Structure formats: structure tokens, C-alpha cells
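Accompanying notes for the structure given below.
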Amino acid sequence: MCRSDRRASFTAVVLVAVSVSACAAFDTRDTKLQAVKTVGIISAVGDEIIFAKGGLTGLNNRSQSFPIASWGLDDLIVQQATTALNGRFQVQPVSYNRAAFTAIKDSPVAPVNLVRGDAFKKLVQTEVSPQGLDAYIVITKAKSSFGSGPRKIEGIGLITYGTVMESYNQVHALYEIRVFDGKTFEIIEKMTAPPLDDGGQVTIAGPSRRIDEISPSDTGNPAANEKLHAAIADLVARSLSTTLSDMHLADVR
Amino acid sequence: MVGVGGEYKPDFEGTNRSMLSPVPIFSIRRAGSTEQFRGPRDSASIALIDFGDLRAGPAAKFVSSRKANNYSELNGLGDVKTTVELGGFVEYYPVDWFRTRGELRQGIGGHHGVVADLSADVIVPLIQRLTISAGPRFTWESTNATSPYFGIDAVQALATGLPAFDAKGGAHSVGAGAQVSYRINPQWEVHAYVEYERLLGDAAKSPLVTLRGSPNQTTVGIGASYAFDFKIR
């Protein structure tokens, strides 16, 4: 066999090996999901709302955080996810240390996140009861950049974007969903909730929409603002079923 | 995001002739997010450290070769090979609408010197879709980064008729740039920019510039880009 034939054969073998291993990876995920019968749902998204400013701001543009635990947003998320998943899985109630899940933050140094792996893996093992379900679905805050500036926004919030000609407000509910194998605690599937179709021009990597009827100055105590509460609950309701469907966990579209 | 643009810029640094050339646009970012502000002179970079207002990481720039036989004013000077400049960047936003950025890069290939770029940009969203930005620029280069392009040794002097010149490093250029970008929809964006720099120090004093070129260097560019999602499972 001449050298060029050997090289071609080697290349073909490598291509086949790569293709087979890629297919195996997809098969593993689907196979694992097919084997899942019982799931528990953990939500740690909605304990606070953050008011932020972007674009053309004043010099003092620090974001402000307000507690909204009284809205029961995490209970709503668990309830809606349960409804969406019940056709396919047996959703069982679980108790968990919500504060431990909300305390997890990404390091600003990207390689640190790569080295330490997924921080929620250990929490699912230690902070969730009962253990032994086939899978655990963990819904936590996600982050996004905002506009073309440096600002990062996270979880539930209201942002005010200023331009020379106008300023407007946009509410967001940014979250990500992980599915953990209940035995190995490896991640079977992970997805960040995608933007809604009516997300507006200053796009955010997650559910958001422009909201003209609310301004940060008239919200006073945000927890008591029913309009704000309703707007956020609407974002969650509209995006959760879509995201679960995109993850092939529920067929609810 | 992919796109294409056109850039009307000097054929090589120090010349007074310019040429229009195509510029590919390519970047990867998270689905749904807008691209962070980027200046036309920024090197390709990745923010491995990202505190939001403070970002830092590796940066790389590709500097095309300078072929002597392509331009009559370079005849006799010899070629300068393609250079890859590798280094890092730091950028800091004191407020959302003001960016300062510094880059430090080491050349490999055509030159083996050090290049430092400093810039500042005021970023003003005029309306939701239209943003303008502008600010000053400054570049410092070491002797090893300057001499391959602006130095003329005895042999080159004999071949070109230019006087010999020992180009040293130092302040290399100062200038300003401005950019305007318009977001047509979440997918499409068009932009235009102008960058002016005036060569300083030995780069400006080189006979190649004083006798056959110009210290004034202007680049004008336009482009359109399309953002789309793809998913790797």
C-alpha cells in the first residue's frame, strides 16, 4: 500500500471514530433520559430582584437588590415545571436548602470555573432530600451581558437603559436548567432559558421584555408592586414550558 | 456572528497611498446577547477575567507581510515577513459609556519587538438602535518593533537612494477614532468607522516617510454583520 493510501485510510478511520463517539455522546444523553422515571425539582431563582441601569447613565449607577421571597416565585416555578413534566415523569416533591443553591456564584476568572466543575453537583448530593430519585432538575439564576456595555445582569431584575433621546425599562427572568443523574450526579442535560420572541432590541441572553408601565422610581417596595410581580411571573410562565420543551423534557408547546 | 466589511487604509504603515480591501467579520458569543463594544483597532481577544467593568485576557494581532516588490517606494528595502503579535489586554469601564483599554503584545516573525496600544472611547447610545463612539489612541513600540519597517541600513540605503536611518523605538503614533453602529434588528447590524493616526518619533522621521510617504495615516471602514444561534449538544 502506498503512503497516500495509508494516509487516506488513517484519515477515514479517525473520521469514523470521531463520528461514532459523537453519536455515542448523543445516544448516552437520550438513553439516560429515557431511563429516567422519577424526578425531583429544585428551584433557586427568585429570592431577590435587582434594579440596574445601563447605556447612558449617571456616575452613580450601582445596582440595587430587593428581597422578593414573598412572591413565592420558586414555588411557582416548581409548580409549573411539575405540570409540564408530569406527563412524562413521576415528579416527586423534594426538600432542599434553597439558600445554598442561591449562594453559588461563578468565578470572574473563567479557568477557575472550568477547573472546579459544576458547583451544583455536590449540593444535589448533600442538600436535597430524598436521595435516590432517577434524576434531579435544578433551576438556578443565569447571567447575561446587557446592551453593548460591560454590565452583567442576573436572575430576576428590572433594567433601565438610557440613550440621548429616550430611556426605557426592561424586566428579565434569567435562569438555567440542569438535569442531574440521580445515581452518578453527572449532568445529563443543561440549558439556559432562551430569549422570548418579543424580547426587545437590547437583547439579553434570556427571557425579558420591555415594560413601559413600570419605572424603578415608582416601585418603592418592589415586593409590594403587583404589576412588577405579574410581569415577572408572566416571563417565567411563558419561558419555562418552552425551555423544558427545547430540552426534550416536556412536549408542551 | 459573521459579516463582511470593506476598509480603505494605507497600503503599509508610513505610505501616502491607500487601498480598499475586504474585511471578514467573525465572532462567537452567547445566544441572544449583544456583542460587547469593540473598537476597530482592538486585537482579537478573549476575556478570561471578567468582573464586568474590568476585563482582561490574551490578545493577538496579525500584521501582514510587507513585500518590497509590490510598491515602488520600497524597492531595495527587502521584505518584512508576516508578524503575529501575542500578548494580553486589560479594559476598564468607570461607567457604562466610557471604555479604556490597553494592550501589550510581543511580535513573532517579521518583527520581534514589543507593541503597546492605549485607547479610550466614549460610547453614546443616541437611540435604542444607534450608537456612536469616539476617543483618542496612542501606540508605543520598542526598537525591535520599529526598525524592520522604518530603519534603513547601509545596504538598503545604497539600493534605494534613501539616506541610512537607525530607527529607534518610543512613542510611535497618536490619533483618534470614531465609530457609528446601527442595529437593524436583533440579527443584523451595520457599522462605519474612521481611524486617524499621526506617526511620531523615529517612525515619523524615517526617510521612507519624510521623502516617500506621510506621517498621517487614515483608515475608513464599513461593514455589516449577521448574528445567529447554533447549538452544540
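Nothing in this text is a laboratory measurement; each read-out follows from the coordinates by a stated rule. Keep in mind it's a predicted model, so treat the numbers as computed, not measured. Positions of Cβ are backbone-derived with ideal geometry, glycine not excepted, and every protein chain shown enters the neighbour counts.
Values computed for the structure shown
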quantity: Rg over Rh, two decimals, the range A:146-206 (C-alpha only, Kirkwood Rh); calculated: 1.14
quantity: Estimated vicinal HN-Hα couplings, Hz - the range A:142-159 in sequence order (Karplus 6.51, -1.76, 1.60; Gly, Pro = x); calculated: 10, 10, 8, 7, 9, x, 9, x, x, 5, 10, 10, 8, x, 8, x, 10, 10
quantity: The range B:1-88: trypsin sites (Lys or Arg not before Pro) in DSSP coil with no more than 16 other Cβ atoms inside 10 Å; calculated: B:Arg17, B:Arg29, B:Arg30, B:Lys67, B:Lys81
quantity: Total formal charge among the other residues, if their Cβ is under 13 angstrom from that of A:Gly117, Lys/Arg +1 and Asp/Glu -1; calculated: +2
quantity: Sites matching trypsin sites (Lys or Arg not before Pro) across the range A:101-141 that sit in DSSP coil, with at most 15 neighbouring C-beta atoms within 10 Å; calculated: A:Lys105
quantity: Karplus-derived 3J(HN,Hα), 6.51/-1.76/1.60, for each residue of the range B:151-162, Hz, glycine and proline x; calculated: x, 10, 8, 4, 5, 5, 4, 5, 6, 9, x, 8
quantity: Other-chain or far-sequence residues with amide H under 5 Å of A:Tyr175's (modelled H); calculated: A:Ala142, A:Ala193
quantity: Prolate/oblate/rounded call for the range A:76-177, Cα gyration tensor, a/c under 1.5 rounded; calculated: oblate
quantity: Percentage, to the nearest whole number, of Cα pairs in chain B over 28 Å apart; calculated: 34
quantity: Sparsely packed GluC sites (Glu not before Pro) within the range A:98-187, loop by DSSP, other Cβ within 10 Å at most 15; calculated: A:Glu166, A:Glu186
quantity: Extreme residue, positive dipole direction of the protein assembly as shown, given options B:Thr82, A:Gln80, B:Ala204 (C-beta unit charges); calculated: B:Thr82
quantity: Residue-wise HN-Hα coupling along the range B:193-198, computed from phi with Karplus coefficients 6.51, -1.76, 1.60 (Hz; x: Gly, Pro); calculated: 8, 9, 10, 10, 9, 10
quantity: Equivalent ellipsoid, the range B:157-214 (semi-axes from 5 times Cα gyration tensor eigenvalues, Å); calculated: 39, 13, 8
quantity: Packing rank of B:151-163, A:237-249, where each peptide gets the mean count of other beta carbons within 10 Å, highest leading; calculated: A:237-249, B:151-163
quantity: Cut-off 13 Å between beta-carbons: net charge of the residues surrounding B:Thr143, Lys and Arg +1, Asp and Glu -1; calculated: -2
quantity: Over the protein assembly as shown: Kirkwood hydrodynamic radius from C-alpha pairwise inverse distances, Å; calculated: 26.0
quantity: Per-residue average of Cβ from other chains inside 10 Å of B:49-55; calculated: 5
quantity: Over chain B, relative contact order from alpha-carbon pairs under 8 Å, at least 6 apart, %; calculated: 20
quantity: Sorted by Cβ neighbour density within 10 Å, fewest at the top, the residues B:His111, A:His229; calculated: A:His229, B:His111
quantity: Kirkwood Rh and Cα Rg combined as Rg over Rh, evaluated for the range A:108-253; calculated: 1.02
